[in-house]
Amino acid sequence: MVEKKGPKEITRAYSIASPRDGNRFALCLNRVPDGLVSPQLFELRPGEEIEFSEPLGYFTLRHPGHRAVFVATGTGIAPFRSMLLDHLPRTHPEVTLLFGVRYPEGLLYREEFEKLAEQYPKFKFMPTVTRPDSSWTGRAGRVQAHLDEALGLRTPDEIDTVEVYICGLQEMVDDVRARLKSKGLGRKQIIYEKYD
Ligand SMILES: Cc1cc2nc3c(=O)[nH]c(=O)nc-3n(C[C@H](O)[C@H](O)[C@H](O)COP(=O)(O)OP(=O)(O)OC[C@H]3O[C@@H](n4cnc5c(N)ncnc54)[C@H](O)[C@@H]3O)c2cc1C
């Protein structure tokens, strides 16, 4: 993506949050306070123009036939929503989505994921919040605390076939990668995208 500001172009990457849909696509954006570009995106009005480059990158579901675990925090959910909406009806993958945010109201697309989990028995949705309120009865704490449950290994051998996709800010991504490696997952089984 390219955002023009005066004579200087500023570029930022954003994940596509929607499935294939002709020339339309959705983004899922966080306003970074004091950020150079994201606050401007929130100020955009209908009719104003910004410039996008073609889609880039390889953060896609590699082997829909393998069991996959998606680990996201915050707007790191964007590429997973795209993959789920694209693949669940088409290739029927076995997927667990572990999604961490601070507050329950920050669980983006919560209802949609809950409906998908009802509709597709091979899809499991595991939300967790680090700052639950009194109404929250679900999982609490960081995504790291729920990795074993998300991996859901029925036998030790299954560790060789699962693929884990991670998306979010660097600190979480690096920590989850290290934990997965210490559990015995190989480099090629861990696919990740860092937002910073
Ligand atoms: C491959 C890729 C895909 C991305 N997809 C998305 C996306 O779908 N949605 C999205 O909101 N951002 C996404 N980002 C982050 C985005 O590119 C920008 O870094 C972000 O919008 C901040 O830009 P800025 O100019 O406002 O802030 P800057 O002035 O560049 O300040 C950068 C600061 O913002 C922090 N930051 C970056 N992204 C986030 C975030 N999402 N939440 C909280 N803090 C953040 C960084 O840690 C850093 O401290 C993606 C980044 C990459 C590399």
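The values are calculated or read from the model by the stated rules, or taken from the named source; none is laboratory data. In this text, all values refer to a predicted model and were calculated from it rather than measured experimentally. We place every Cβ from the backbone using ideal geometry, glycine too, and count neighbours over all the protein chains shown. Surface accessibility is based on the protein's heavy atoms, side chains included, excluding ligands, DNA and RNA. Shrake-Rupley method; radii C 1.70, N 1.55, O 1.52, S 1.80 Å.
So, for the chain, what is the accessible surface per residue at a probe of 1.4 Å, expressed in square angstrom?
Normalised by residue count, the accessible surface of the chain is 60 Å².
Could you tell me the relative contact order of the range 78-139? Use alpha-carbon pairs under 8 Å, at least six residues apart, and round to a whole percent.
Relative CO of the range 78-139 lands at 38 percent.
Quick one: which residues, 5 or more positions from Tyr192 or on another chain, have an amide H under 5 Å from its amide H? H modelled 1.01 Å from N in the peptide plane, none for Pro or chain starts.
Residues meeting the criterion, in which the H sits 1.01 Å from N, are Ile166.
For Lys115 and Trp136, FRET efficiency with R0 = 22 Å and r from the beta-carbon atoms, rounded to 0.05?
Efficiency at R0 = 22 Å is approximately 0.65.
Between Tyr120, Tyr58, Tyr165, which gets the highest mean-square fluctuation from a Gaussian network model of the chain, Cα cutoff 10 Å?
Tyr58
Under the classification rounded if a/c is under 1.5, otherwise prolate if a/b is larger than b/c and oblate if not, where does the range 89-196 fall, given a ≥ b ≥ c as square roots of the Cα gyration tensor eigenvalues?
oblate
For the range 1-90, with the dipole built from +1 on Lys and Arg beta-carbon atoms and -1 on Asp and Glu ones, taken about the Cα centre, which of Met83, Ala26, Pro39 lies farthest toward the positive end?
Result: Met83, furthest along the dipole toward the positive end.
If you place +1 on the Cβ of every Lys and Arg and -1 on the Cβ of every Asp and Glu, how big does the dipole about the Cα centre of the chain come out, in debye to the nearest 20?
Value, rounded to 20: 320 debye.
Tally up the carbon and sulfur contribution to the accessible surface of the chain as a whole percent, 1.4 Å probe, everything protein left in place.
Using a 1.4 Å probe with all protein chains present, the chain comes out at 50 percent carbon and sulfur.
Once you've got the GNM for the chain with C-alpha springs shorter than 10 Å, pick whichever of Asp34, Asp21, Asp174 has the biggest mean-square fluctuation.
Evaluated over the chain, the most mobile residue of the options is Asp34.
Per-residue ellipticity at 222 nm for the chain, helices alone: DSSP H runs ≥ 4 residues times -39500 (n - 2.57), over residue total, nearest 500 deg cm²/dmol?
Taken over the chain, the calculation gives -7000 deg cm²/dmol.
Multiplying the sequence separation of Arg20 and Glu54 by 0.36 nm and subtracting their Cα-Cα distance, what value in nm do you get?
Extending this stretch completely gives an extra 10.8 nm.
Can you give the charge dipole size of the range 94-196 about its Cα centre, rounded to the nearest 20 debye, using +1 on the beta carbon of Lys and Arg and -1 on the beta carbon of Asp and Glu?
240
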